[in-house]
Structures are given as C-alpha cells and as structure tokens.
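Just below is one structure, and these are the notes that go with it.
Readers should treat all values here as calculations from the given coordinates under stated rules, not as data from a laboratory. Please read all numbers here as calculations on a predicted model, not as lab measurements. Cβ placement follows ideal geometry from the backbone for every residue including glycine, while neighbour counts extend to all protein chains displayed.
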Amino acid sequence: MNHIERYAGTFIPLQAGCGNCGGCGNSGEPGDAGGGQGETLTVVRNEVREPRKARVLLLNDDYTSMEFVVRILVEIFRKKAEEATAIMLAVHEKGKGECGIYPVEIAETKVNQVHSRARSEGFPLRCAIEHI
Ligand code: TYC
C-alpha cells in the first residue's frame, strides 16, 4: 500500500509497513519495517510545531474613557469586570499593560478589533503586539 500524507506543508511518501494505514503490520516503532516481503524502510517525520505567540498590550492615552477601556477588556479579551478594571488602572498609571498572550493571528485580530471599536466610538486607544 502506498499513500502520500501531507504533513506540515511537506509531502511525505509512506510505503508498505508505514504504521499509519492500518493495513500493513508495521507497529510504527523506529526500526520496524513491517513483516511483508519487499518492504522498504520508511521514515515518518512527526513534526508538531507550537503556534507562534504574541503578547497584546494596551497603551495609555489621555482621551479614551476608563469605562470604554474596561468594556474592551471584558468584551474582546474576555476578562472579568474586576480584572479588567485592574488592567485598565495599571495601563493608566504605567503607560502600558498586558491584555493576554495569543497565537499571532488571533493577537492581530484582537488588535484590529480594538482599533476599529475605538475609532468608531471616537477614541484614540491604541493596542500593540509584542512577539514572544
Ligand atoms: N488615561 C485614560 C483616562 O484618564 C484612561 C485609559 C486607560 C486610556 C487605559 C487608555 O489604555 C488606556 N481617561
């Protein structure tokens, strides 16, 4: 049995005794080429990558209302009201603060959501990403 498995963007040919197809008798253990005749040593690469992560930061300004910032933290960053208030006050006092750590694409989406909600309500609130 021959099949091609697409994995992490790479095509890896899996031949008889691959341990993945359920029909060839290979346990999938390293060194086990299966029990059939004319078997071929098969190398299966199991590369699993963690998604790249980013920290989302909220930046202070003099014009955005405190109430709006708390609402953003509750609705976009899913914080409880108490934690949202603490983060907002920390940003107000220190200039910036962390809203959360997310896979990069989710972090970017949240930044866009914050900016578009802020602009539509007339606030200059800014949010930034720090790759980690
Ligand atoms: N400094 C703002 C004010 O006094 C409140 C504020 C907090 C604004 C956090 C932005 O990210 C921010 N109204």
In nm, what is the difference between 0.36 nm times the number of residues separating Met66 and Glu83 and their Cα-Cα distance?
-> 4.8 nm
Kindly write out, for the range 92-99 in residue order, the coupling ³J(HN,Hα) from the Karplus curve 6.51 cos²θ - 1.76 cosθ + 1.60 (θ = phi - 60°), rounded to whole Hz, with x marking Gly and Pro.
-> 4, 7, 9, x, 7, x, 8, 9
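Eight or more residues apart or on different chains, and alpha-carbon atoms under 18 Å: count the Lys pairs in the range 46-132 matching that. Could you put the intermediate results ahead of the total?
Values: Lys53/Lys110; Lys79/Lys96; Lys79/Lys110; Lys80/Lys110; Lys96/Lys110.
Close lysine pairs found across the range 46-132: 5.
Which whole-number percent is the relative contact order of the range 53-131 (Cα, under 8 Å, 6+ apart)? Write out the running numbers ahead of the final one.
Numbers: 118 pairs, mean separation 40.1, N = 79.
Relative contact order, the range 53-131: 51 percent.
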Are there GluC sites (Glu not before Pro) in the range 39-97 that DSSP marks as loop and that have at most 11 other Cβ atoms within 10 Å, and which are they?
-> Glu47
Whole-Hz couplings from phi, Karplus 6.51/-1.76/1.60, listed for the range 48-53; x for Gly and Pro | 10, 10, 5, x, 5, 10
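As an exercise, identify the trypsin sites (Lys or Arg not before Pro) in the range 66-123 lying in DSSP coil whose Cβ has no more than 14 other Cβ atoms within 10 Å. Intermediate results must be reported in sequence, preceding the final value.
Details: sites: Arg71, Arg78, Lys79, Lys80, Lys94, Lys96, Lys110, Arg117, Arg119; in loops: Arg78, Lys79, Lys80.
Those that pass, being in a loop and sparsely packed, are Arg78, Lys80.
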Check each of the chymotrypsin sites (Phe, Trp or Tyr not before Pro) in the range 53-97 and keep only those in coil by DSSP with at most 12 other C-beta atoms within 10 angstrom; list them in order.
-> Tyr63
